[in-house]
1. What order, most packed first, do the peptides C:86-94, C:258-266 have when packing is the mean number of other Cβ atoms within 10 Å of each residue?
2. How large is the Rg to Rh ratio of the stretch A:65-179 when both quantities use alpha carbon positions and Rh follows Kirkwood?
3. So what's chain C giving for Cα Rg divided by 2.2 N^0.38 Å, two decimals?
4. List A:461, A:394 from most exposed to least, where exposure is judged by having the fewest other Cβ atoms within 10 Å.
5. Hey, fewest Cβ within 10 Å first, where do A:358, B:236, B:168 land in order?
6. Which whole number gives the average count of other chain Cβ atoms within 10 Å of the Cβ atoms across peptide B:36-46?
7. Over all alpha-carbon pairs of the stretch B:5-98, lay out the pair-distance distribution in 5 Å bins, whole %, shortest bin first.
8. Let me know the mean shielding of A:538-547 by other chains, meaning the per-residue number of their Cβ atoms within 10 Å of its Cβ.
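Quick note: the coordinates plus some simple rules give every number you see, no bench work behind them. Predicted, not measured: the structure shown is a model, and the values here were computed from it. All Cβ positions, glycine included, derive from the backbone under ideal geometry; neighbour counts span all protein chains shown.
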């Protein structure tokens, strides 16, 4: 029974994308090893080697394309899971802020967030079940193999899932009950527990999918050594954990932002408008806070993939997937641009913001320029005439922008400028009262100038004038520079503006509808981008269920082309949007009451 | 006189576009590929839109002339002219885009296609993931021997490679002009400096015909050098390539 | 409602833009299909594939058809299964096989266990077979390959296939292997590669169906030897039949190998 539940909630990650063999490339060396090892496999071992399947081992069902079914179901599950894991994280933070500041607006907003995620929670389980169903129907042997290795952790997963549900329900339904000096602490503790359990769930599910990318605890033939910790603690587990954790937060923020934006646009009263504007602002803040460190988590993950297998790394960054990163650059550029645009629009909320209008164009120039560098592909698409005019496929000036050091530099500058937008926004309505304003500002300017100089120096010197080991290594001090500047500048800024006067009251709700569309753009781009990255994360396994151990021999073992993949992703995104609208609609009607005089018996009659 | 906001925006866009063309095509004499320029301009337009519309006042100034053009009765004449010219312009533009031309379709070359895990050359199977230059170790152990190996590699290069790749390794050899795709320029930071020696070994030994499918369309004239050179000669010429250009081969040491 | 539709429209447009860009804005690249598995994957083989493998080995790596052909150098392959029962009960039978499969295996690894009348080594009175042990020497078939041949023989003779596909994958070579080899240096290796010793006496090999090559250099010059390798039927040494030696060596051997072989043979005096 327990096992059954364990299976029922196998998150999509385990499978979905992962089981689907996506493929190209040649990898025969590993197969030799696999067959040899299979031959030598200890007969006494209770574990079987990975089965060698043929096309016939993949059932077909009513003409469904099994891979696309599992792909879409898993992707939907992943989006919902990311959302429901992320929301409690910042609900917890917002609730804590509310408790600290004793500002009830925070508490109300936190409650509204969790209300939205509650319905999404059951949808997560439903699409998770659908994913599992798809896997059992279309990939039974793969599931058998995975289950034989991860059975304990799957049972554990099911138990934790109950704990998660319990925490969530107590946290949500007990919200108004657990108010007051002592009870609030109890409530917060439950919130913390909820997050801990949710994160644990994600870690478990991640271990299954990273096992498929970088198998551990099994020999070359796929015979499990019996140590489940070995299989879980595989090479890419922690990099994926980190990347997903950060991305979930940014993603949750962007979805809540879209919710607030929609409520804002359809609000009828100024109070409502103000409330949802404020909510949208906070959600966007969360999204940006998650977005800024995300490129670094991504670089860490890619570096680890390279370290695990160079072939996987080159498949990832070169060849067909190279163009995927151009699409990714466009999407991330879109995220940064819309996040900035939203902040700039927000300057209009206060009279004081007008002072800073003039600086925005410079920020825009730097951000767009950095983005163009980031977007420049390594391989230029040239017409024959251009080829002739250039005398070759290399562009003397644009070519060098195509490699990583240029892109690292660009993304760091972009992050710094986005942070600067935020600083301007923070200052918009304030006038500092401390005596050392000038010195403080000078210090901040110096800090930014130095940081930019350092980032440029590292990027240019190490990127182009030393050998490749340093090229990669130089990105780390660049990242540290950026993070350090963000921390120091925040500290200085909060000191300067301690007890600062307000220029005029902050007028929440006074933003143009355009800014709300920026929030939608953020949410849609984020969703689509996650789908795209899911495709490549799974795609680099090529024609393997479990890399180099368990080959995918289904008719769908081929790697989908980018066009094919993006079409699937778009369909999935539209499905997801439809479900999210449903969730939002539920959140809306749950607060509505219809007066029906004469319908019910009057009491006492 | 203050320039109207709408005109400002148009001037900015025109200026950036002209600037790209001026800087790359005229001053630097390296044309900017139109595919790239189009995408650049798309995001410049997005950026310009952001700057000009984030505040209400500015948006108003941008929108009002357009609104006036469409709604103001006094601008009837101008409106009629614009309404005739705009469709004509788009028609002309579309025609230009789709009319048949003698230009061959755009071709993409993946400069560094992903290598296979292993490659069979010289009758042996090499694991590209672990393949190293057997002579690289002499760089530290025996610099004199290393120098002589590099010299021998140079001889191999001059006898075989320089006709296409050039005596300066810049891809400008005597035959280079006759080839398409043109030979690689090893001096470029984007070529051998990004790669491991094993990758070069694979590319040299199997030549154009050994390229994976994903790298097509790819009519590379690079010969299959395993038929003409020995294994050692290939390793030596790789030493030479790095030595001459001053680049270090990429290594994957995880630090 | 209007707001709702506007938002939906905006989101759909955004998705359409991303999809359009991914489909048309960047070059289309079709990823290569998954590679064919190089090693024969016995575990996932059906019996039909296994039988087909036997056929390939018989014609290719096994070099069986060199002798088992209609030139009468060895019993016809299609006669082997029908006659097996008779041979098993024959008084001259020295082997230990109990059934058809075992008999077939034995006849490949220990050919002298039973020699069909008239096919024995000259002078041995049909007690010693001229056939080499095909699991060793220059042919070197692996166990799965031998089993595949048995499966093929049983199947093509209409008998039930009684062998099982082995689960532990042995070393089963594909034909490509031969195509991708590099020229061999050692003449004896060349001889082993092309199975010369099956018929000729060369090096350690003691074939007796064709002229002794151990001192051939004493009587033949280089031109003759080269021609005999490339066009074996151009001139037949007295006492030997025409059409016995494969005439496609010129296609299979590298030019340098032909030269090395010629040099080597010419030097055998």
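1. So the order, starting with the most tightly packed, is C:258-266, C:86-94.
2. On the way: Rg = 17.7 Å, Rh = 16.0 Å.
That ratio equals 1.10.
3. So chain C has a normalised radius of gyration of 1.50.
4. Listed from fewest to most nearby Cβ atoms, that is A:461, A:394.
5. The order, fewest Cβ neighbours first, is A:358, B:168, B:236.
6. Mean shielding count: 5.
7. The calculated distribution, bin by bin, is 3, 11, 14, 16, 20, 17, 11, 6, 2, 0.
8. For this peptide, the per-residue mean of nearby foreign Cβ atoms is 1.
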